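The values are calculated or read from the model by the stated rules, or taken from the named source; none is laboratory data. Predicted model only: the values in this text are computed from it and were never measured. Because the Cβ atoms are built from the backbone with ideal geometry, glycine has one as well, and the counts that use them run over all protein chains shown. For the accessible areas, the whole protein counts, side chains as well, though only heavy atoms, and no ligand, DNA or RNA atoms are used. Shrake-Rupley method; radii C 1.70, N 1.55, O 1.52, S 1.80 Å.
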Amino acid sequence: MSGQGAPASISSGDKPVIQSDAADSKVVAGPQFAATFQEEDFWTRCGLSGKSFQKRHYGRGLVEMDRAMKSRHLHMIAIGGSIGAGFFVGSGGALSKGGPASILICFSIVGFMVFNVVFALGEMAVMYPISGGFYTYATRFIDPSFGFAVGWNYLFLWLVVLPLELTVCGLVIQYWDTETSVAVWITIFLVAVIVINIFGSIGFAEEEFWASSIKLISVVIFMIIALVLVLGGGPDDGRYNEYWGARYWHDPGAFRNGFKGFCSVFVTAAFSFTGTELVGLAAAETANPVRSLPSAIKQVFWRVIVFYVLGLFFVGLLIPSDDPRLLASQAYTDVKASPWVLIGHYAKLRGLDHFMNAIILISVLSIGVSAVFGGSRTLTALAQQGYAPKIFTYIDRSGRPLASVIVLILTGPLAYLNLSASGPTVFDWLQAISGLAVLFAWGGICLSHLRFRAAWAYHGHSLEEIPFRAALGVYGSWIGLISCILVLIAQFFTAIAPPGQDGLNSVEGFFKSYLAFPILLAFWAAGFIWKRTGWLRLDQIDVDTGRRELDWDDIRAYQDQIKAMPTWRRVLHRIF
């Protein structure tokens, strides 16, 4: 605790070891090859030499990874990193279930929730930039048992996401090639994921930078084309050759399946924003998160408003919610159900459907790479705090959590399950285990932030000592936490009474939608029984150990520079 000794802090140039309360042994460093990751030779840094696989760190206690990422990487991860199958493909199922008004409202609500979640995460990540991120904040500021449960549920999410995205990749290719087995394409894309991860965090960062750039440029191009189509500027032989307007909001209607349909869209929206929190994990592997993270966090506003809300608004204008091609039962895996592809097909714009299909392929492959990054960092953090086998604390000379990366990659072959007759059923249950994990993670981030602020004040610190503060402060975290609870309630309601179905759901159907919740409670109980720790009191929360050492002269000079700006500039700076 903070009163038991001198606080330990992290300087921006060192690679420290932060001993956790759960540590049962000290970190064992490998031979002193080089003082830092940055001082290794080029081939070792890139993971391309035999010695790059040698041990640098092993054992309990939190260790910072290689800080190879730059500000440009963090910015693109924040603004485009999580745009994948949920957005491009799953939005079709959401439109079919809830109608255009539901997707607009639900994605806006979840987007505002995520906006607050990411700001809360950013505030803590600047103070305590530890790879493994919010899971470690939950153990530190709330309850180690709760952090154990959230960490393992979040890990299960990424364990399932990689095979899911590989399946989607194979099905995307089927849009062009129905002759070749999907298994061949799953294998090819799995190899691509492995190759990217050989390069460690810099491989992930560069892949995300270019993939996000392509995704964002493509969505902007699509929205310009969509605006032209809505105004009736489509080809004469296509559907949109006259003013189209909002006719689909009148017939078949703005809403579909009533309140049940509206509630069902919430979980699709949450799935679509999954991965937004990765910017907090990635921040721990940047050279200077104090400077790069705040501006990256603010980019989330643009993603929510421009890409999700505006993009899906155009989708709702151009595709009717009763279109039979919107196969809600295959919402995340059938690319032919993507409204983005259907618009190009209906407009008779030669090549637009193929263009959007190619973008979907890049997007889902990008999320697959993100799954390995996010899952491996979470598993390593769990192991470092004694909540997973010790072998997963292995960090090699290039900064890769090698054992954890291998485990995540080994989940890829689960994609082949979808090719057998019983495979989809097995995969449905795998998804059910982790289906709500991201909501638990977001709720844990908001609650961690609330507890951090309370403990910060309890120990006599002021807000001025926090270099980057969440835009709406604790109010934003309350909004985020309450929103997460409301989405869980909505999902519970639709698990009992699914949209488009008379009467109640079957027991099997209910647990496929809500199995993750009792699993979270089971992990919480298991963590308590194992570690015998409960809810932390404010005097038990340590806000000093592991806090990054900051250059306050530089920070105050920067703050004075902002204060000297005109009011309108300060407002824009705070939001953007």
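What to note about this one:
- Among the GluC sites (Glu not before Pro) found in segment 148-213, those both in a DSSP coil and sparsely packed, with 10 or fewer other Cβ atoms within 10 Å of their Cβ, are GLU179.
- Comparing Cα centroids, segment 145-184 and segment 508-528 end up 21 angstrom apart.
- Filtered chymotrypsin sites (Phe, Trp or Tyr not before Pro), segment 185-288: DSSP coil and at most 15 other beta carbons within 10 Å: TYR243
- Shape category assigned to segment 430-504 from the gyration tensor of Cα positions, a/c cut at 1.5: prolate
- Whole-number accessible area per residue in Å² for segment 215-274, which is evaluated in the context of all protein chains at 1.4 Å: 46
- Accessible area of segment 346-393 divided out per residue, in Å², using a probe of 1.4 angstrom: 23
- Carbon + sulfur, % of accessible area of segment 362-418 - ligands and nucleic acids excluded, 1.4 Å: 81
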